[in-house]
1. Scan (1) of a type in the set (A, V, I, L, M); (2) surrounded by 13 or more Cβ atoms within 10 Å (Cβ to Cβ); (3) out of contact with any Asp or Glu (no Cβ under 7 Å at 6 or more places or on another chain); (4) modelled with pLDDT of 85 or more for the single condition Ala71 breaks and write down its number.
2. For region 56-97, which fully contained strands (runs of 3 or more DSSP E) count at least 2 residues that are more than 21 Å from Lys156 (Cβ to Cβ) and of a type in the set (Phe, Trp, Tyr)?
3. Go through region 114-199 and tell me which strands (runs of 3 or more DSSP E), entirely inside it, have 1 or more residues that are surrounded by 15 or more Cβ atoms within 10 Å (Cβ to Cβ), at pLDDT below 80 and hydrophobic (A, V, I, L, M, F, W, C).
4. Report whether or not Lys99 is among the basic types (Lys, Arg), surrounded by 13 or more Cβ atoms within 10 Å (Cβ to Cβ) and under 34 Å from the mean Cα position of the chain (by Cα).
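The values are calculated or read from the model by the stated rules, or taken from the named source; none is laboratory data. Here the structure is a predicted model, which means the values were calculated and not measured. All Cβ positions, even for glycine, are placed from backbone atoms using ideal geometry, and neighbour counts span all protein chains on display.
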Amino acid sequence: MIRRFFRHLGESIKNLKRNLLSTLTAVFSVMIVLSLLGVFGSVILNTQKLASDIEKNIQVNVYLDPDSSDASKTVKELSGQIVANKDYHKIYDALTKIKGVDKVTFSSKEEQKKQLIETMGSSFETATGDANPLSDVYIVQTKSPDDVSRVAKEAKAIQGVDNANFGGSDTEILMSTMKRVQFWGITLNYCGCPIDFKYHPYYHYVTCD
């Protein structure tokens with residue numbers, strides 16, 4: 001039995017020597033394919049993570065008229081009397097009814113000024129003094145990036161809205177690029193090794209069946 005084992009082992013070594021070139025070619029071919037797949041997969045994964053993070057931050061900023069009291073439950077009349085605001089959340093309700101809107105958050109002009117001061121430093125506060133030239137704003141998040149342009153257009157048409165923007169053509173170009181990234185991710189998923197892209201707030205990982 002031991003003789004048979006060594007005989008088979010010797011024949012295997014001889015066959016390996018005879019087919020050394022084809023064996024090495026096959027090994028290197030597999031290594032090259034796996035390396036390319038790993039590099040391409042890594043690029044797609046990181047780009048998808050970036051695209052996913054950007055998508056979540058695309059929003060419509062709806063700026064209200066300077067004298068708007070849409071977020072105030074009460075208003076002060078000329079006589080000085082405080083009464084209930086009959087127009088309370090009129091714009092807010094109109095925004096929530098727009099198709100594709102997921103969430104509407106209010107940010108006062110005081111909050112906007114505070115954020116600008118934190119970003120730009122005291123130079124903004126020095127330039128404006130006690131005055132606040134900013135407007136109250138509703139921050140609108142959409143269910144899909146495809147809804148952003150249409151939602152901004154409909155929001156701008158609401159009475160009491162001064163302006164609505166989302167980044168314009170630059171954002172649309174960015175969203176178009178993200179769609180192409182997703183397309184190549186799907187293509188990679190069905191080529192050779194099926195790759196399962198899974199999203200986690202802090203990292204991506206990939207499985208290969």
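1. So Ala71 meets the others, but not (3).
2. none
3. 195-199
4. For Lys99, the condition - among the basic types (Lys, Arg), surrounded by 13 or more Cβ atoms within 10 Å (Cβ to Cβ) and under 34 Å from the mean Cα position of the chain (by Cα) - is not met.
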